[in-house]
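What follows is a single structure, written as structure tokens, with notes after it.
The values are calculated or read from the model by the stated rules, or taken from the named source; none is laboratory data. Fair warning: this is a prediction, and the values are worked out from it, not measured in the lab. Neighbour counts run over all protein chains shown; Cβ positions are idealised from the backbone, glycine included. Side chains included, ligands, DNA and RNA excluded: accessible areas come from the protein's heavy atoms. Shrake-Rupley method; radii C 1.70, N 1.55, O 1.52, S 1.80 Å.
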Amino acid sequence: MKKFIEYKGARMCYTVEGEGYPVVLMHGWGCNHTTLASIEAALVPGMKVYNVDFPGFGESTEPGEVWGVELYTQAIEAMIKAEGIEEPVMLGHSFGGRVGIVYASRNKVRKLILTDAAGVKPRRSLKYYYKVYTYKLMKHLILALYGKQRGEERLNKIRSRKGSSDYSNSTPMMRAILSRVVNEDLKHLMPSIKCPTLLIWGENDTATPLADAKVMERLIPDAGLVSFAGCGHYSFLDNPLQYRAVLLNFLAKEMKNQ
């Protein structure tokens, strides 16, 4: 069943399938709820699955302002409240993991699954800072030479050419949101997560490296880490059978009770 909720001007779409204990699935950046279809299929026989399209993705509309992780979390909180859900299981992949971390740090959560999740700000090299400050200088020069409108057009072309694929494939609003959320460090919230937390990671993940998972395992009080050799940022797609086995074992009690 497809449903919608309005939050701060954005229309968020989500699907509801199955019966049983509630679990909320949250996809990564540049994806939508269909990316987590294999996880949904594994859980539907014994749980009620809420699979979200974050605002700006899938069938959800873009926010009208530059959202950070906080507003995305508030949108999920509004959906959970509207559905009358209490103490859900939360599962987040990549960017969805950011929202899961913030949500679980201040709400009752039965269990939290973070899959190749973001939330640890990477250490930056001198080369990175050189590129950032060179870009800022170039930006000021271009705006001074061409004016705001023509200057922004030129800057967008440069960003599209030199940025990541996530950045290049985004609209101007979603690019601004991406620039904001990737710089949010959530380590300070992790000690506030009190529910059992499962970290599932691909050992070859370069987007959110295994070192991030080890930081989370250390900071989240009741966390355990399972990593898969030969898997990357989409560990649930790279090794679906092993991922399914680990996930169902972690949620056996929730599925059995229904």
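Can you name the condition, by its number, that V49 falls short on among (1) closer than 27 Å to M173 by Cα; (2) in contact with a helix residue (DSSP H, G or I) (Cβ under 8 Å, 6 or more places away or on another chain)?
Only one criterion is unmet by V49, namely (1).
This table checks each residue for (1) aromatic (F, W, Y); (2) closer than 20 Å to H93 by Cβ; (3) at pLDDT below 95.
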| residue | (1), (2), (3) |
| --- | --- |
| K3 | no, no, no |
| R11 | no, no, no |
| M26 | no, yes, no |
| G58 | no, yes, no |
| P63 | no, no, no |
| V66 | no, no, no |
| Y72 | yes, yes, no |
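Residues are listed down the side, and each one gets a yes or a no for (1) on the phi > 0 side of the Ramachandran plot; (2) in contact with a helix residue (DSSP H, G or I) (Cβ under 7 Å, 6 or more places away or on another chain); (3) buried (at least 18 other Cβ atoms within 10 Å of the Cβ); (4) touching a residue at least 60 places away in the same chain (Cβ under 8 Å):
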position: C195; (1), (2), (3), (4): no, yes, yes, yes
position: K214; (1), (2), (3), (4): no, no, no, no
position: P221; (1), (2), (3), (4): no, yes, no, no
position: Q242; (1), (2), (3), (4): no, no, no, no
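Does the range 168-198 hold any residues that are in a helix (DSSP H, G or I), under 22 Å from E86 (Cα atoms) and in contact with a Leu (Cβ under 8 Å, 6 or more places away or on another chain), and which are they? Give the derivation first.
Quick first cut of the range 168-198, residues in a helix (DSSP H, G or I) only: 168, 172-181, 187-192.
Still in the list and also under 22 Å from E86 (Cα atoms): 189-192.
Of everything in the range 168-198, those that are in a helix (DSSP H, G or I), under 22 Å from E86 (Cα atoms) and in contact with a Leu (Cβ under 8 Å, 6 or more places away or on another chain) turn out to be M190, P191.
Restricting to helices (runs of 4 or more DSSP H) lying wholly in the range 33-126: which have 3 or more residues that are surrounded by fewer than 19 Cβ atoms within 10 Å (Cβ to Cβ)? Before you say what the answer is, go through the steps one by one.
Values: elements: 37-43, 69-82, 95-106.
By residue number, 37-43, 69-82.
State whether the residues of the range 8-30 include one that is open to solvent by less than 20 Å² (accessible area, probe 1.4 Å), assigned to a helix (DSSP H, G or I) and more than 30 Å from S179 (Cβ to Cβ).
No, the range 8-30 contains no residue that is open to solvent by less than 20 Å² (accessible area, probe 1.4 Å), assigned to a helix (DSSP H, G or I) and more than 30 Å from S179 (Cβ to Cβ).
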